1. Can you give the net charge of the other residues whose Cβ lies under 15 Å from the Cβ of residue 27, counting K and R as +1 and D and E as -1?
2. Could you tell me how many degrees, from 0 to 90 and to the nearest 10, lie between the Cα long axis of helix 33-70 and the main elongation axis, the longest principal axis, of the Cα atoms of the chain?
3. Please work out the Kirkwood hydrodynamic radius for the range 2-70, using every pair of different C-alpha atoms, and report it in angstroms with one decimal place.
4. Quick one: helix 2-28 against the long Cα principal axis of the chain, what's the angle to the nearest 10°, folded into 0 to 90?
5. Nearest 500 deg cm²/dmol is fine: what mean residue ellipticity at 222 nm does the chain get from its DSSP H runs of n ≥ 4 alone, each adding -39,500 (n - 2.57), divided by its residue count?
6. Take peptides 34-42, 19-27 and line them up by average Cβ neighbours within 10 Å, highest first, as a rough protection proxy.
7. Give me the net charge for the shell around residue 40: Cβ to Cβ below 15 angstrom, other residues only, Lys and Arg +1, Asp and Glu -1.
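Only the coordinates and a few stated rules stand behind these numbers; no lab work does. Since the model is a prediction, treat every value here as computed from it, not as a measurement. Every residue, glycine among them, receives a Cβ derived from its backbone with ideal geometry; neighbour counts consider all protein chains shown.
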Amino acid sequence: MDQRKYILGSVVFLLVGLYFAGIAGIQFMDDNIEQNMDIVFTNIAYSALFFGGTVYLLHLKDEKSKSANEK
């Protein structure tokens with residue numbers, strides 16, 4: 001059960017990160033790119049934050065499984 005929480009959390013973080021990356025891509029392809037660059041960079045930063053959270057949750061899952069195997 002403990003492993004599933006980490007997997008589910010990482011999938012949620014991955015989907016939210018993809019959502020922000022998609023918004024950044026759509027805003028980048030818009031006609032008024034000069035006015036939207038701050039929004040693009042903000043969405044890129046949010047997507048990087050959530051992608052980092054995804055990797056960290058998967059790392060926590062691996063560490064928990066290693067510590068459970070050692071006991």
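1. On the way: positive: none; negative: 30, 31, 34, 38.
Around residue 27, the charge tally is -4.
2. With rounding to tens, the tilt is 10 degrees.
3. Details: mean 1/r = 0.0757 Å⁻¹.
Hydrodynamic radius (Kirkwood, Cα only) of the range 2-70 equals 13.2 Å.
4. So the helix axis and the longest Cα principal axis differ by about 10 degrees.
5. On the way: 2 runs with 65 residues, N = 71.
It comes out at -33500 deg cm²/dmol, rounded to the nearest 500.
6. On the way: 34-42: 12.6, 19-27: 16.1.
Highest-to-lowest ranking by the protection proxy: 19-27, 34-42.
7. On the way: positive: none; negative: 30, 31, 34, 38.
Counting the neighbours of residue 40, the net charge comes to -4.
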